[in-house]
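All of the numbers you see were taken from the coordinates with simple rules; none came from a lab. Remember, predicted model here, so these are calculated numbers, not experimental data. Glycine gets a Cβ as well: all are built from the backbone with ideal geometry, and neighbour counts include every protein chain shown.
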Amino acid sequence: MPKCQVVNCDDKNSTRHRFPNPKKNSREFEIWIKATGNAKLEEIEPEKIYKNLRICHRHFRVEDRSTNMYLKPNVYPTLYLPVNLPPTIQCDKVKINENLPLETLVPAVMESPPSRPTSS
């Protein structure tokens, strides 16, 4: 059985699902690729991914599955995925007073100009 392509997934027994056909559903295919958190997939031809690689059943919600263990159309892996945090920017530190209401903290943080990352 092919290995699940989601980063850090160690499931060896559940049903595997083929990636969407990149020629017919390129947007859906890209969403599945990003959901895996597997940067190595970016280097593989989409057709090879479609033909040879899989994602296991545990990454899909119960309501995404039909009664015969197939997936419904237009569903995406959403469960037990690697944490992909959005890019962050660094900003100047703001002294936080625990007695201040949150409404006053948010503008203070938003007004701080982001610091530029320095190249190493």
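Take the range 25-48 and flag every residue that is closer than 17 Å to residue 9 by Cα and hydrophobic (A, V, I, L, M, F, W, C).
32, 33, 35, 39, 41
Would you confirm whether or not the range 21-37 contains a residue that is loosely packed, with under 10 Cβ neighbours inside 10 Å and small (Gly, Ala, Ser)?
Checked the range 21-37: no residue is loosely packed, with under 10 Cβ neighbours inside 10 Å and small (Gly, Ala, Ser).
Within the range 61-78, can you find the residues that are touching a Phe, Trp or Tyr at 6+ places or on another chain (Cβ under 8 Å) and in a loop (DSSP other than H, G, I, E, B)?
75, 76, 77, 78
Those residues that are under 17 Å from residue 37 (Cα atoms), in contact with a strand residue (DSSP E or B) (Cβ under 9 Å, 6 or more places away or on another chain) and aliphatic (A, V, I, L, M), I need them from the range 1-19; list them, please.
Selection gives 6 alone.
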